[in-house]
1. Report the residue, chosen from 65, 173, 36, that carries the largest GNM mean-square fluctuation when the chain is represented by alpha-carbon nodes joined by springs under 10 Å.
2. Pop the C-beta distance of residue 102 and residue 248 into the FRET formula with R0 = 41 Å and round what comes out to the nearest 0.05.
3. Given axes a ≥ b ≥ c from the Cα gyration tensor, I'd like to know whether the stretch 190-257 is rounded (a/c under 1.5), prolate (a/b larger than b/c) or oblate.
4. Determine the alpha carbon to alpha carbon distance for each of 49/179; 76/99; 99/133; 51/187; 49/99 and list only those over 21 Å.
5. For the Cα atoms of the chain, what angle does the longest principal axis make with the long axis of helix 65-77, in degrees from 0 to 90, nearest 10?
6. Can you give me the Rg/Rh ratio for the stretch 1-127, using Cα atoms for both radii and the Kirkwood formula for Rh?
7. In nm, to one decimal, how far is the modelled label at residue 164 from the one at residue 257, with both set 7 Å along Cα→Cβ?
8. Of 266, 62, 236, which is the most mobile in a GNM of the chain whose springs link Cα atoms less than 10 angstrom apart?
Amino acid sequence: MNYQWYPGHMTKAKRMMQENISLIDLVIELVDARIPLSSRNPDIDELGKNKARLILLNKSDLADPGENKRWMAYFKDRGFHVLEINAKTGQGIRAIYPKVQEACREKIERDRKRGIKNRPVRAIVVGIPNVGKSTFINSFAGKACAKTGNKPGVTKGKQWIRLNKDLELLDTPGILWPKFESEEVGKRLAMIGSMNDEILQKTELAVELLDYLMEHYKEPLSSRYQIKEINEEGKLTAGEVLALICENRRCYKKGQEPDYEKAAALLIDDFRSGRIGPITLEMCGQEQEDESRK
Ligand code: G4P
């Protein structure tokens, strides 16, 4: 499969990030709770070193709640401040203010010692495309959207949203490109819809997704498509399940020929919108095992 990213944008995005990060105290990094590692670009650790760091597991509503908890612990163990949120409904957003204070305690303390009072924490939101950055900024900033651009000490042209007296947010999020370290990472990004669908072979992707779901999420899969045999170990292959979905959902071309591509699109769409259930594609323990094998 072809998982090409648009390389021309990468250099530009990185330059903008470097420029913006120099202005801020706190990096708020959004990751997709369904693939918390594959939706990160590890370069952010280099770009954001010496900054306070907050990771938000976004789209937590679409991910497995047990896995969300494990991933929270995973990032916490690695020194990040972390919260799970749903940027779309605003769930978890209120917990951010106290977390920001906690994450920036050192900076606040340093300012206090130097006699600097009331200098707000400046934060930037970063993440790969489609991870929910704009939705989050809208939801977090809400009506408090007073722009504070072009004032002394603020780089010309930069717009800061003042959330309260203690926190300002750069209104343009930093775009990180996903890092296609392996085909597995590429597949996971494709499954959540984080790349151009036109370049994807949907049927192949759907079969991969079915393979995964049959291993980890049998029950929700079988109940969504009413295919009981999925629960019987080894009875059906992923290809056969796709054929059954095709039949059950009446995906036919002219002349009653099965339309596997349509069934594949339907499955992928159901998965992406959470209709199969809350599903995590990257299991926390599994990833740690992968890491230790490297
Ligand atoms: P970006 O700026 O990082 O590129 O992402 P953006 O905010 O545009 O969000 C991408 C999509 O993800 C949007 O869906 C948005 O509604 C959805 N989204 C963001 N956060 C969450 C979340 O926590 N949970 C869920 N379930 N969805 C989330 P869309 O299909 O492009 O738009 P819409 O149909 O939702 O309006």
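Values quoted throughout were computed directly from the atomic coordinates according to the rules given, and no laboratory measurement underlies them. What you see is a predicted model; the values in this text were computed from it and never measured. All Cβ positions, even for glycine, are placed from backbone atoms using ideal geometry, and neighbour counts span all protein chains on display.
1. 65
2. Details: r = 50 Å, r/R0 = 1.21.
That pair, residue 102 with residue 248, gives E of 0.25.
3. Numbers: a/c = 2.14, a/b = 1.16, b/c = 1.85.
Because a/c hits 1.5 or more and a/b fails to exceed b/c, the stretch 190-257 counts as oblate.
4. Details: 49/179 19 Å; 76/99 12 Å; 99/133 18 Å; 51/187 31 Å; 49/99 18 Å.
Over 21 Å Cα-Cα: 51/187.
5. With both axes taken from Cα atoms, the answer is about 40 degrees.
6. Details: Rg = 15.9 Å, Rh = 15.9 Å.
Rounded to two decimals, Rg over Rh is 1.00.
7. 6.2
8. For the chain, modelled as a Gaussian network with Cα springs under 10 Å, the answer is 236.
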